[in-house]
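Heads up, the thing below is written out as structure tokens.
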Amino acid sequence: MSDSPEKKHSLFASHGRDFRTNRYIYPVLSRRAHGVSVGVNISPDKACNFSCVYCQVDRGSPGEACAIDLDRLREELEEVVELVVSERLFEGPRFKETPTNLRRLNDIAFSGDGEPTLCRQFDEVVKVCAEVRRQHSLDDVKLVLITNATLLHLPHVQQALEIMDTANGEIWGKLDAGTEAYYARVARSRVALPQVIDNLTAVARRRPIIIQSLFMRLSDEPPSEEEQLAYCQRLREIVDAGGQIKLVQIHTVVRMPAEDFVSRLSYDEVDALGELVRRQTGLPVATFYG
């Protein structure tokens with residue numbers, strides 16, 4: 001018998017950055033990764049150029065992007081990787097209910113409490129993680145960048161992406177809107193939507209990317225049909241300009257959002273949006289509710 005939706009949700013809903021006394025490295029069970037994702041939080045001071053209405057991180061007093069202790073990051077990463085590979089991670093209370101088929105290390109992901117590409121040492125961090133991956137012969141383990149795509153044009157970020165290209169790298173670019181008005185309402189950023197689209201397109205011309213999109217109810221209203229169609233049009237524009245999108249991930253709110261007017265879509269609404277994207281774009285789509 002398969003797990004109930006409620007049990008599945010409880011397993012995947014906990015993405016806390018706290019793990020032992022670590023500052024940078026934390027493991028999570030990821031439904032989208034189909035296994036364990038080792039998170040690399042290079043925004044411990046919560047620096048971000050978005051203030052998304054659905055984000056669970058308190059942006060009340062974000063700090064400036066801080067210097068990263070690369071030696072400590074390496075030590076923490078090696079320790080957590082060993083815990084997952086040896087399966088000792090699943091002996092503790094947080095992960096003991098993990099299904100057998102998900103007790104695998106899928107990726108090392110640059111994510112955390114802010115936008116990872118804001119870190120001035122981002123290329124150095126990626127280099128360290130690529131070295132740990134190589135030294136432990138983790139050939140099947142991906143390096144994943146989860147990004148809002150606002151800074152992908154910067155030279156040090158492009159250098160980091162080139163390192164990722166040699167280390168089974170994968171870029172998950174955020175795109176949560178089709179119109180400038182809806183984007184401004186959700187992301188609350190000074191960076192305009194066209195910059196995001198241009199960056200996603202430029203990066204996708206160099207290598208296939210994944211688009212990760214979160215949709216929700218705002219004041220109990222789902223995104224309008226007009227907004228959904230505009231979102232599909234943005235995806236088509238990326239492809240028409242030569243961008244390679246290997247998958248579109250559609251999901252909804254899981255953890256407690258920053259704003260109380262934000263709530264999750266229903267199963268049917270998420271699936272219907274996924275089907276619309278398939279019809280309108282012809283792209284592969286995966287939908288997630290938890």
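Once the convex hull of all Cα atoms in the range 79-221 is built, its volume per residue stands at 150 Å³. Pairwise Cα separations in the range 186-231 fall into 5 Å bins from 0 onward with the following percentages, short to long: 5, 15, 20, 26, 19, 10, 4, 1.
Listed peptides 75-82, 141-148 appear in the order 141-148, 75-82 once ranked by packing, highest mean of other Cβ atoms within 10 Å at the front. Per-residue packing, averaged as other Cβ atoms within 10 Å, sorts the ranges 90-103, 204-217 into the order 204-217, 90-103, beginning with the highest.
Counting only DSSP beta bridges with both residues in the chain, what percent are antiparallel, rounded to the nearest 5?
Just about 25 percent of them are antiparallel.
Across the chain, the relative contact order, built from alpha-carbon pairs under 8 Å that are at least six residues apart, equals 17 percent. Surface listing: HIS156, HIS136 arranged by accessible area from highest to lowest gives HIS136, HIS156, probe 1.4 Å.
Cross-link partners for LYS127 among the aspartates and glutamates, with Cα-Cα distance under 16 Å and sequence neighbours closer than 8 places in the same chain left out: ASP69, ASP71, GLU75, GLU76, GLU78, ASP107, ASP139, GLU162, ASP165, GLU170.
Between the amide H of GLY35 and those of SER30, distances stay under 5 Å, these residues lying 5 or more places away or on another chain, with hydrogens modeled in the peptide plane.
Between the beta carbons of ASP139 and ASP69, assuming R0 = 30 Å, the FRET efficiency works out to 0.60 to the nearest 0.05.
Taking every DSSP helix (H) stretch of at least 4 residues in the chain, weighting each as -39,500 (n - 2.57) and dividing the sum by the residue count yields a mean residue ellipticity at 222 nm of -11500 deg cm²/dmol.
Take each peptide in 160-166, 68-74, count the other Cβ atoms within 10 Å of every residue, and average; sorted highest first, the result is 160-166, 68-74. Distance from a point 7 Å along Cα→Cβ of GLU226 to each backbone N in the range 163-185: keep the residues under 17 Å and list them by number. Output list for this probe position: 177-185.
Solvent-accessible area of CYS129, all protein chains in place: 0 Å² (probe radius 1.4 Å, heavy atoms, ligands and nucleic acids excluded).
Note on the chain: Cα Rg divided by 2.2 N^0.38 Å, N the number of residues, gives 0.96. Convex hull volume per residue, computed on the Cα atoms of the range 145-290, equals 112 Å³. Taking 15 Å as the straight-line reach from the Cα of LYS46, the aspartates and glutamates in range (excluding those fewer than 8 positions away in the same chain) are ASP18, ASP58, GLU64, ASP113, GLU115. By the gyration tensor of its Cα atoms, with a ≥ b ≥ c the square roots of the eigenvalues, what is the shape of the range 93-148: rounded for a/c under 1.5, prolate for a/b over b/c, or oblate? Because a/c hits 1.5 or more and a/b fails to exceed b/c, the range 93-148 counts as oblate.
Would you calculate the volume per residue, in Å³, of the smallest convex hull containing every Cα atom of the range 206-290?
Spread over its residues, the Cα hull of the range 206-290 gives 97 Å³ apiece.
For the chain, the Cys residues with no second cysteine's beta carbon closer than 4.7 Å are CYS48, CYS66, CYS119, CYS129, CYS232.
The values are calculated or read from the model by the stated rules, or taken from the named source; none is laboratory data. In this text, all values refer to a predicted model and were calculated from it rather than measured experimentally. Methodologically, a virtual Cβ is constructed for each residue, glycine included, from the backbone with ideal geometry; neighbour enumeration extends over all protein chains shown. SASA here: full protein model, heavy atoms, side chains in, ligands and nucleic acids out. Shrake-Rupley method; radii C 1.70, N 1.55, O 1.52, S 1.80 Å.
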